[in-house]
């Protein structure tokens, strides 16, 4: 690594918004970075993610977003680094790393999907990967819904709940025309089944996702009526009482 990069890393105080600001300015002034330097700088600056929720200043959260962008701008060669951090960082930091990956759009989505099978037997990994899928803002992520709902049929209710949460977030972020007609009915049926799950968190996330689908206008009239009657029954206000 060159001396300039070493100085940035050694003088960086990730508890200080001012220090982070100066460090980011110094990085921006460097024209080219080697892969080794990109990794070293990403590791150093991403320590901010761990502190951001305890920050007494509003500046550090803003700097965390700048760091997300900085890492994303380093290109696809950073995808493996980001994946490792998504899987092994603390919960809050994992979200920031996930957002950084999601900023790279379709190539990052394809990379993430290519890694899903490797982690199907690791519940914690699946939870973090599903959470990351929910962070993508590109319409192509809608195509991952069948895969997400398949993973949601998991023996671990935490994985199931995160799958339903991710599906709901995807619904929330995208326009109606991003959802093909043939997907909508299958999507509704798959989520609706989880309303009878014995786990409260699963039922709650299923209900929320169905509500988002309803508000988005993704349901047929028959499915709207079915959902309405079900929610009335859950609330004890159905026509039989």
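Yes or no: residue 155 under 22 Å from residue 202 (Cα atoms), surrounded by fewer than 19 Cβ atoms within 10 Å (Cβ to Cβ) and either in contact (Cβ under 8 Å) with a residue 40 or more places away in the chain or in the same structural domain as residue 183 (by TED's automatic domain parsing) (or both)? Can you show your working first?
Values: under 22 Å from residue 202 (Cα atoms): yes; surrounded by fewer than 19 Cβ atoms within 10 Å (Cβ to Cβ): yes; either in contact (Cβ under 8 Å) with a residue 40 or more places away in the chain or in the same structural domain as residue 183 (by TED's automatic domain parsing) (or both): yes.
Yes; evaluated as a whole, the condition is true for this residue.
Do the conditions hold for residue 147, that is, is it surrounded by fewer than 19 Cβ atoms within 10 Å (Cβ to Cβ) and part of a loop (DSSP other than H, G, I, E, B)?
Judged against the criteria, residue 147 is not a match.
Based on what the data block shows, is residue 117 outside the structural domain of residue 199 (by TED's automatic domain parsing), surrounded by fewer than 19 Cβ atoms within 10 Å (Cβ to Cβ), within 26 Å of residue 19 (Cβ to Cβ) and at pLDDT below 95? It would help to see each step written out before you state the result.
Working: outside the structural domain of residue 199 (by TED's automatic domain parsing): yes; surrounded by fewer than 19 Cβ atoms within 10 Å (Cβ to Cβ): yes; within 26 Å of residue 19 (Cβ to Cβ): no; at pLDDT below 95: yes.
So residue 117 does not fit the description; no.
If the requirement is being more than 26 Å from residue 106 (Cβ to Cβ), in contact with a helix residue (DSSP H, G or I) (Cβ under 9 Å, 6 or more places away or on another chain), surrounded by 13 or more Cβ atoms within 10 Å (Cβ to Cβ) and modelled with pLDDT of 95 or more, which of these qualifies: 40, 72?
40
Looking for whichever is more than 17 Å from the chain's Cα centre (by Cα) and either part of a helix (DSSP H, G or I) or on the phi > 0 side of the Ramachandran plot (or both) here; the options are 64, 44, 108. Which one fits? Don't jump to the end; show me each part of the working.
Details: 64 fails: more than 17 Å from the chain's Cα centre (by Cα); 108 fails: more than 17 Å from the chain's Cα centre (by Cα).
Within the list 64, 44, 108, the selection yields 44.
The values are calculated or read from the model by the stated rules, or taken from the named source; none is laboratory data. Note that this is a predicted model, so its numbers are computed, not measured. Counting neighbours? That spans all protein chains shown, and the Cβs are built from the backbone with ideal geometry, glycine included.
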